[in-house]
1. How much accessible area per residue does the chain have, counting only protein heavy atoms and a probe of 1.4 Å, in square angstrom?
2. Over all directions, average the projected area of the Cα convex hull of the stretch 68-113 and note it in nm².
3. Which cross-chain or sequence-distant (5 or more) residues have an amide H under 5 Å from the amide H of V164, H modelled 1.01 Å from N in plane?
4. Determine the distance separating the Cα centre of the stretch 184-232 from the Cα centre of the stretch 137-161; give it in Å without decimals.
5. Considering Cα pairs under 8 angstrom that are at least six residues apart, work out the relative contact order of the chain and quote it in whole percent.
6. If I stretch the segment between R206 and E116 completely, what's the gain in nm (0.36 nm per residue apart, minus their alpha carbon distance), one decimal?
7. How long is the gain from S257 to E109 if the chain were fully straight, where each residue apart is worth 0.36 nm and the alpha carbon distance is subtracted?
8. What percent antiparallel are the DSSP beta bridges of the chain, to the nearest 5?
Amino acid sequence: MNLPIDTLGRPLHDLRISVTDRCNFRCTYCMPKEVFGRDYQFLPREQLLSFEEITRLTGIFTSLGVRKVRLTGGEPLMRRDLPELVRKLGVTPGVEDLALTTNGSFPVENIARLKEAGLKRMTVSLDALDEAVFKAMNDVDFPVAAVLDWIAASAAAGLGPVKVNMVVKRGVNDQEILPMARYMRQHGHILRLIEFMDVGSTNGWRMDDVVSAKQIFQTIHAKLPLEPLQPNYRGEVAERYRYADGAGEVGIIASVSQPFCGDCTRARLSADGKLFTCLFAVQGADLRQLLREGASDEELRTAIAGVWSRRTDRYSELRSRQSKNPVKVEMSYIGG
Ligand code: SF4
């Protein structure tokens, strides 16, 4: 079978796998407490794909061109025995890069187990160094120091350079841009600043709350001069910059002000086995049903290739021209 290319000429290269829709944080831009409260119905265990099902599907995705796999959630470490899944994916043919995105809130002892199982890279979400600002963004009483320990321990375990994702929201944590930039470059981590996005339908997104990539760049460049870097590969989401004094690099993810849909090679698999072809999707294709109805690998391959070949997604490019606000799936359900 030829490798599928979508209607905009984009191949399938990255697979983001959400292993759970649960999280122990309530970041206001992703899982606001008002919606994801005590009574929120998360996916019951039997509806989650098993590690065997995830591994089988991943093998089929790699036969269609996927080379990079990222484990996400919710918070992926909420899924018990995650190192066992990492081990299976680490030996799946075609998986060249295996990364994890976490909020860094679990005991650092987990890092050695993930590394030993075959994890290659670690990305950690951290929106501020200041405790009060951190709390304002993630709405749980969790110490920044513990996340910084997770980041340091991940680097020490050889899972670096660790990428640290910071969502920037005007009037909430934009004053933390420089302190975060200074801290991460001093410790050899790669800070990636993310424009606040209208993901899902519950985070109360307004354009006024967006600090644009240009403003983020100027804030840093004014104090810590930056020089542009080439992307590592087609489809890399961050605009890369190096510090002119050689003290590392920083990235800016500009989905709102500088959309990058033209090079988007990412598919997403939800924890209950639905295939989504855009972060801002409204619906997905149910692969779990096919799996549990006994579909063969060939049938699954044909189904996935079919979905990708018909793909037209470029939400971020069309955002401003949207006539009405579609009810999009939640980011915590399909992974960032
Ligand atoms: S908006 Fe959708 S198509 Fe565009 S870059 Fe993001 S995930 Fe890809």
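1. Details: 14370 Å² over 336 residues.
Heavy-atom accessible area per residue stands at 43 Å².
2. Numbers: hull surface 12.8 nm².
One quarter of the hull surface, i.e. the mean projection, equals 3.2 nm².
3. Correct list: V124, I190, L191, R192.
4. 19 Å
5. Details: 651 pairs, mean separation 75.5, N = 336.
Computed value for the chain: 22 percent relative contact order.
6. On the way: separation 90, 0.36 × 90 = 32.40 nm, distance 4.26 nm.
Going from the current span to full extension adds 28.1 nm.
7. Numbers: separation 148, 0.36 × 148 = 53.28 nm, distance 3.91 nm.
Gain on stretching S257 to E109: 49.4 nm.
8. Working: 13 of 43 bridges.
Within the chain, antiparallel bridges account for around 30 percent of the total.
The values are calculated or read from the model by the stated rules, or taken from the named source; none is laboratory data. Being a predicted model, the structure only gives us computed values, none of them experimental. Virtual Cβ from ideal backbone geometry, glycine too; neighbours counted across all protein chains shown. Accessible surface is based on the protein model in full, side chains and every heavy atom, while ligands, DNA and RNA are left aside. Shrake-Rupley method; radii C 1.70, N 1.55, O 1.52, S 1.80 Å.
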